[in-house]
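The values are calculated or read from the model by the stated rules, or taken from the named source; none is laboratory data. Note that the coordinates shown come from a computational prediction; the quantities given were computed from them, not determined experimentally. Here the Cβ positions follow ideal geometry from the backbone for every residue, glycine too, while neighbour counts run over all protein chains shown.
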Amino acid sequence: MKKTIIITIAVLVLVISFLVFTNIPSFFKGYSKIKICMGEATGPALKLLSKPTQLARYIYDSYFNLIGVKKENFELQKKFESLQLENHRLAELEKENKRLKSILHLVEQYPNTMIAASVIGEDLKNWFKCIIIDKGRDHGVKEKMPVITPKGVVGQAVEVNKWHSKVMIINDTNSSVDVYVDGKNSRGILEGTDQTTLKLKYVLKNDEIAIGDKLITSGKDTVYPKGIPVGIVITINRNKAGIFADVDVMPFNNYKRVDEVLIVKKR
């Protein structure tokens, strides 16, 4: 392989040298200028060609320098990818640390009223859309206990076993939460739609409500304590038939991204 490269380069240099130093008739218009340019371009190569050992060494060194650069680039790319993975891992740990601190703060703020739990799975195919948590009857969990995060409502316990429980999320069509519009007199029932958004029902068209309003639990549905954040109003349609407005709400919790929860003990 190395010999072939050397021979090929040598032949090219010889051909160019022939063209440069051979006397070609002057009627080839402009040839003299071409000859001068080619002579200048091939000068260094001809100097090397006059010393075959130097030429071989030059080609050999150039080839292996190129191989070395490629290897170095490959190693640098591997280090870069490794650093990217490490940065991603540290970012995820930082997020988890913030979540756990928020959970701990609530538990300390309301001692003996909350049970901390981790989400260990989902059950979205049965009667209810549920997440599964790692706390059950032996930990004090009971049916209809509300489940929250520092952001707000997640759902309520609907099936309690010895060591784990199923929590129906508020996105489920069987879910309904009695809510107030925070800071206003408007009130309604927030229902699940099996989608990412919720529907706020029984809000009159002339009620005081606007896009961006925050909804909080009213405490009047016998499940959720008063004052827990639930979601934010994202659309309002007052042009539909009837006396009620059509209101869409985005819940503060995305159940697919919930990892730790708190079960609120009923007093």
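Could you grab me the full set of residues in the range 173-215 that are among the β-branched types (Val, Ile, Thr) and assigned to a strand (DSSP E or B)?
Val177, Val179, Val181, Ile189
Taking the range 222-261, which residues are closer than 16 Å to Pro146 by Cα and not in a loop (DSSP other than H, G, I, E, B)?
Pro229, Val230, Gly231, Pro251, Tyr255, Glu260, Val261
Only one of Glu191, Glu86, Glu108, Glu94 is at pLDDT 95 or above, of a type outside the set (A, V, I, L, M, F, W, C) and out of contact with any Phe, Trp or Tyr (no Cβ under 8 Å at 6 or more places or on another chain). Can you tell me which?
After applying the criteria, what remains is Glu191.
Only one of Val158, Val181, Val153 is crowded, with 22+ Cβ neighbours inside 10 Å, in contact (Cβ under 8 Å) with a residue 24 or more places away in the chain and either at negative phi or not assigned by TED's automatic domain parsing to the domain that holds Pro229 (or both); which?
Every option except Val153 fails the conditions.
Among the strands (runs of 3 or more DSSP E) confined wholly to the range 110-172, which include 3 or more residues that are out of contact with any Cys (no Cβ under 8 Å at 6 or more places or on another chain) and among the hydrophobic types (A, V, I, L, M, F, W, C)?
Hits in the range 110-172: 114-123, 130-133, 152-160.
Would you check if Gly219 is surrounded by 14 or more Cβ atoms within 10 Å (Cβ to Cβ), out of contact with any helix residue (DSSP H, G or I) (no Cβ under 8 Å at 6 or more places or on another chain) and part of a loop (DSSP other than H, G, I, E, B)?
yes
Are there any pairs with C-beta distances below 7 angstrom linking a residue in the range 133-144 that is in the same structural domain as Tyr224 (by TED's automatic domain parsing) to a residue that is among the hydroxyl-bearing types (Ser, Thr, Tyr), with the two at least 6 apart or on different chains, and if so which?
Ile133/Ser118; Ile133/Ser165; Asp134/Ser118; Lys135/Ser165; Gly136/Ser165; Val141/Ser165
Quick grid of which residues meet (1) free of Cβ contacts under 8 Å to residues at least 24 places away in the same chain; (2) surrounded by 17 or more Cβ atoms within 10 Å (Cβ to Cβ); (3) of a type in the set (Asp, Glu); (4) touching an Asp or Glu at 6+ places or on another chain (Cβ under 6 Å):
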position	(1), (2), (3), (4)
Lys162	no, no, no, yes
Val177	no, yes, no, no
Ala210	no, no, no, no
Pro229	no, yes, no, no
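Does Met168 meet the test of being over 27 Å from Thr235 (Cα atoms) and in the same structural domain as Ile236 (by TED's automatic domain parsing)?
Considered against the rule, which asks whether it is over 27 Å from Thr235 (Cα atoms) and in the same structural domain as Ile236 (by TED's automatic domain parsing), Met168 comes out as no.
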